[in-house]
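**Student:** Have a look at this one.
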Amino acid sequence: HIGNARPAVVFDVLFRLLRHQFGKKHVVYARNFTDVDDKINAAAAEQGVPINTITNKYKAIYRQDMG
C-alpha cells in the first residue's frame, strides 16, 4: 500500500534537510521496527518458528521496497 511509504519519505526528506543544515556529524537517522505484536506472535506460533524469523522476513521486504 503506497500510504505505508509516506512516513519513510517524509522522514527521509527531513533527515536530508537537517543533515544539510547542521552537517553529517550532527544528524543521525534512527528507525524503529515493531517486532513484538499479537499478530507476529500468532504467526510465529502457527508456523512453529521463532518470532525473529517472521520479523526479519518483513524487515528485509520493507528495506528492499524502500531501497
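**Student:** By the gyration tensor of its Cα atoms, with a ≥ b ≥ c the square roots of the eigenvalues, what is the shape of the chain: rounded for a/c under 1.5, prolate for a/b over b/c, or oblate?
**Tutor:** Details: a/c = 3.37, a/b = 2.43, b/c = 1.38.
Note, shape of the chain comes out prolate.
**Student:** Still on this structure, please answer the following. Among ILE40, ILE54, what is the fewest-to-most ranking by other Cβ atoms within 10 Å? Intermediate values should be presented prior to the final figure.
**Tutor:** On the way: ILE40 16, ILE54 21.
Taking fewest neighbouring Cβ atoms as first place, the list is ILE40, ILE54.
**Student:** While we're looking at this one, here's another question. Can you compute the modelled spin-label distance between ALA45 and ILE2, with each label point 7 Å from Cα toward Cβ, in nm?
**Tutor:** If labels sit at ALA45 and ILE2, their model points lie 3.8 nm apart.
**Student:** Expressed in nm to one decimal, what extension gain is obtained for the pair TYR29 and LEU14 from 0.36 nm per residue of sequence separation less their Cα-Cα distance?
**Tutor:** On the way: separation 15, 0.36 × 15 = 5.40 nm, distance 0.97 nm.
Residue separation times 0.36 nm, minus the Cα-Cα distance, leaves 4.4 nm.
**Student:** Now, a different point. Which lysines, if any, have their Cα less than 22 Å from the Cα of LYS57, not counting same-chain residues under 8 positions apart?
**Tutor:** LYS39
Taken together, the values in this text are just the output of simple stated rules run on the coordinates, not laboratory data. In this text the structure is predicted, and so the values were computed from the model without any measurement. With ideal geometry, Cβ positions are generated from the backbone for all residues, glycine too; neighbour counts draw on all protein chains shown.
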